[in-house]
1. Restricting the search to the range 1-30, which residues are open to solvent by less than 30 Å² (accessible area, probe 1.4 Å), touching a strand residue (DSSP E or B) at 6+ places or on another chain (Cβ under 6 Å) and of a type outside the set (Gly, Ala, Ser)?
2. Residue check, Ser67 against (1) in a loop (DSSP other than H, G, I, E, B); (2) of a type outside the set (Phe, Trp, Tyr); (3) open to solvent by 30 Å² or more (accessible area, probe 1.4 Å), all met but one. Which one?
3. Look through Gly59, Gly40 and report the one residue that is in a loop (DSSP other than H, G, I, E, B), touching a residue at least 24 places away in the same chain (Cβ under 8 Å), open to solvent by less than 50 Å² (accessible area, probe 1.4 Å) and under 26 Å from Glu8 (Cβ atoms).
4. Looking at the range 43-56, which of its residues are closer than 12 Å to Leu115 by Cβ, in a helix (DSSP H, G or I) and either open to solvent by 30 Å² or more (accessible area, probe 1.4 Å) or in contact with a Gly (Cβ under 7 Å, 6 or more places away or on another chain) (or both)?
5. I'm trying to understand the selection: among the residues of the range 86-103, which are under 13 Å from the mean Cα position of the chain (by Cα) and open to solvent by 60 Å² or more (accessible area, probe 1.4 Å)?
Amino acid sequence: MLKKVATENAPKAIGPYSQAIVVGDMVFTSGQIPLCPKTGEIVGTDIVEQAEQVMKNLGEVLKAAGSSYEKAIKTTCFLADMSDFASFNSVYAKYFTEKPARSCVAVKTLPKNVLVEVEVIASL
């Protein structure tokens, strides 16, 4: 059975999707971008500021699902510019200390022209 996850502590979905879905003992988050949960506005102008907001948003979604960064199994990271890779990693490493499996790719454009988006698969 699928259980939709929703929290006011992370940005509302900006399309026809859920913040996350729990199936069995697994949670699958939608990609989070650096939006302020209260205003829906983009937070930060550089990769470090935006990545910090993305991590905060992911943490709230994981928490609402009954999980945490430490239970992350796989992340997928999307960067607007691969030259931001090292700076992004400096933020990412503070949150995903258990070093889950990861893919990190550069994409042409992200929603709202942000610099980063991250999604997570985690256990409960």
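1. Once the filter is applied, which keeps residues that are open to solvent by less than 30 Å² (accessible area, probe 1.4 Å), touching a strand residue (DSSP E or B) at 6+ places or on another chain (Cβ under 6 Å) and of a type outside the set (Gly, Ala, Ser), the range 1-30 yields Val5, Pro11, Gln19, Val22, Val27, Thr29.
2. Result: Ser67 fails condition (3) only.
3. Details: Gly59 fails: in a loop (DSSP other than H, G, I, E, B).
Exactly one of Gly59, Gly40 is in a loop (DSSP other than H, G, I, E, B), touching a residue at least 24 places away in the same chain (Cβ under 8 Å), open to solvent by less than 50 Å² (accessible area, probe 1.4 Å) and under 26 Å from Glu8 (Cβ atoms), namely Gly40.
4. Within the range 43-56, the first condition is being closer than 12 Å to Leu115 by Cβ, and the residues that meet it are 43-54.
So of that shortlist, the ones also in a helix (DSSP H, G or I) come out as 47-54.
Selection gives Val48, Glu49, Gln50, Glu52, Gln53.
5. If the condition is that a residue be under 13 Å from the mean Cα position of the chain (by Cα) and open to solvent by 60 Å² or more (accessible area, probe 1.4 Å), then Arg102 is the only one that fits.
The values are calculated or read from the model by the stated rules, or taken from the named source; none is laboratory data. Here the structure is a predicted model, which is why all the values come from computation and not from measurement. Because the Cβ atoms are built from the backbone with ideal geometry, glycine has one as well, and the counts that use them run over all protein chains shown. With ligands, DNA and RNA removed, areas are computed over all heavy atoms of the protein, side chains included. Shrake-Rupley method; radii C 1.70, N 1.55, O 1.52, S 1.80 Å.
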